[in-house]
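Okay, so here's the structure we're looking at.
The values are calculated or read from the model by the stated rules, or taken from the named source; none is laboratory data. Quantities reported herein were computed from a predicted structural model and do not represent experimental measurements. Cβ sites come from the backbone with ideal geometry, for glycine too, and all protein chains shown count toward neighbours.
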């Protein structure tokens, strides 16, 4: 494990040095990436320019959801988002090259073409969280204070597991890659808003099938002391770390199964 | 027969070949359409008649946005960029056809395939799940004209960004800036009619309004007679301005390009 982390850090550092050869481009790209990431926040502000509450939630509460969701997603994207390009590696045959190297292919794919600009996307959620956390109408007991970092970490792990899980699908069918974006990018988007906006069956699906509700919605209900619109048991509000660990196990199994089934294109 | 229809036909065929990938994109577009529809329903629930839309208009707009992402390429990109980077553009310039015309024809073919493969699913799914405001045959015909103008305007914008590659060594920064502008000003976040104050006025005057907002308003039947002509005129004006700028830039790029043998 320590060895894997060391290799991961080494490969990332190599790619950062490569990107730094074009400093102007790197800075511009970073700023532009931060702006793209901020667009979702602008969308939320535009909503609240017209109404003080959306589905019973105020602007600071929705921005809290945005901040936690975006931060978890960006960290997961920086660490493992590169796995999304597995299909390209399979198609071009470059996965074969990775398999003969003495480093885990997961680490190689995740670090491939790593760009520091992806980290610039952290800027909007960090600024939003710093602004909004002191303004939340929450009763800050010790439990609620601890819940914020816990939900950020478990949210990150859930998104990371979803990256690996959706990438594993590309071992079997390459063409459906775009559809799995509805889980990763779609999941990042839909967790920015209170789930009370959505149809009840959809929220049930997001709780029990694809556990996106545990990224921030269930923990946030606890932090904000809100009733669950679906009337689900209160214990679920504390289930995020367990869900994250379980999802990681599923993702690891899927990745290994995919790798075992992989047959080179032969070209 | 001119070569351009053939270019468009082959582009259509090439893009229609990878239909499974395009349909997979449509699945994601549909999913985003649902989430956005629920969000605007909450907003219009709090503010009925915001921007002159009712809830059905706003939900229709959401699905239409998702249906048009592929055809008008909101997220940007033109194959020409890679060809300039790799030097393959030299082959394009050797052809006895106009560079801009060739790629416009190619893009129209691509847009046709994208409209079929990526436009139908979000619209159908949205119509099944929500109360959409869809017009009769005359409305669809008016919409079709607006979509063609939207694709041409979108091409005009993307062609300018692609040509910048002649001057830049790394175009990704510019692509990202273009992406921000396109996502914000095309109405992807919210219908432009719901942008507050001067921002709304500005957004509705910029070329990105011609990509989604104008076709959507045509489909929703908000323009009749002379107003419809004015809406087409707005799109056509931007298309002409952008294509004109593209011509000037092409001429400048031709003078700049040095082809090394090899």
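Condition check ((1) closer than 21 Å to residue B:199 by Cβ; (2) at pLDDT 85 or above) across all residues:
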residue	(1), (2)
A:9	no, yes
A:14	no, yes
A:24	no, no
A:28	no, no
A:32	yes, no
A:44	yes, yes
A:47	yes, yes
A:65	no, yes
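Does residue A:55 satisfy being closer than 30 Å to residue A:198 by Cβ, touching a helix residue (DSSP H, G or I) at 6+ places or on another chain (Cβ under 9 Å) and facing chain B (nearest Cβ under 7 Å)? Here the answer is yes, as residue A:55 does meet what is asked. The listed residues are A:78, A:100, A:90, and the only one of them that is surrounded by 15 or more Cβ atoms within 10 Å (Cβ to Cβ) and over 19 Å from the mean Cα position of the chain (by Cα) turns out to be A:90. Of the residues making up the stretch B:23-48, those that are closer than 30 Å to residue B:100 by Cβ and either more than 8 Å from every other protein chain (Cβ to nearest Cβ) or touching a strand residue (DSSP E or B) at 6+ places or on another chain (Cβ under 9 Å) (or both) are B:26, B:29.
Counting only residues that are crowded, with 16+ Cβ neighbours inside 10 Å and more than 9 Å from every other protein chain (Cβ to nearest Cβ), which one in the stretch A:12-29 is nearest to the chain's Cα centre (by Cα)? Checked the stretch A:12-29; the qualifying residue nearest to the chain's Cα centre (by Cα) is A:12.
Checked against (1) more than 11 Å from chain B (Cβ to nearest Cβ); (2) over 28 Å from residue A:97 (Cβ atoms), residue A:182 meets all criteria but (1). Candidates A:78, A:36: the one that is out of contact with any strand residue (DSSP E or B) (no Cβ under 9 Å at 6 or more places or on another chain), assigned to a helix (DSSP H, G or I) and within 10 Å of chain B (Cβ to nearest Cβ) is A:36. Please work out if residue A:90 is at the interface with chain B (Cβ under 10 Å from one of its Cβ atoms), in a helix (DSSP H, G or I), touching a helix residue (DSSP H, G or I) at 6+ places or on another chain (Cβ under 9 Å) and in contact (Cβ under 8 Å) with a residue 24 or more places away in the chain. So residue A:90 does not fit the description; no. Among the residues of the stretch A:215-227, at least one is farther than 25 Å from residue B:20 by Cβ, under 13 Å from the mean Cα position of the chain (by Cα), more than 10 Å from chain B (Cβ to nearest Cβ) and buried (at least 22 other Cβ atoms within 10 Å of the Cβ).
In the stretch B:160-181, the qualifying residues are those that are more than 22 Å from residue A:36 (Cβ to Cβ) and part of a helix (DSSP H, G or I), and the one that is nearest to the other protein chains (Cβ to nearest Cβ) is B:166.
Table: residues versus (1) surrounded by fewer than 20 Cβ atoms within 10 Å (Cβ to Cβ); (2) modelled with pLDDT of 95 or more.
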residue: B:73; (1), (2): no, no
residue: B:86; (1), (2): yes, no
residue: B:145; (1), (2): yes, yes
residue: B:154; (1), (2): no, yes
residue: B:163; (1), (2): no, no
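Among the residues of the stretch A:187-214, those identified as facing chain B (nearest Cβ under 7 Å), surrounded by 22 or more Cβ atoms within 10 Å (Cβ to Cβ) and part of a helix (DSSP H, G or I) are A:190, A:197.
Counting only helices (runs of 4 or more DSSP H) that sit completely within the stretch B:89-131, those holding 1 or more residues that are under 21 Å from residue B:71 (Cβ atoms), in contact with a helix residue (DSSP H, G or I) (Cβ under 6 Å, 6 or more places away or on another chain) and modelled with pLDDT of 95 or more correspond to B:99-114, B:120-129. Across the stretch B:182-214, the number of residues qualifying as part of a helix (DSSP H, G or I), within 12 Å of chain A (Cβ to nearest Cβ) and more than 16 Å from the chain's Cα centre (by Cα) comes to 5.
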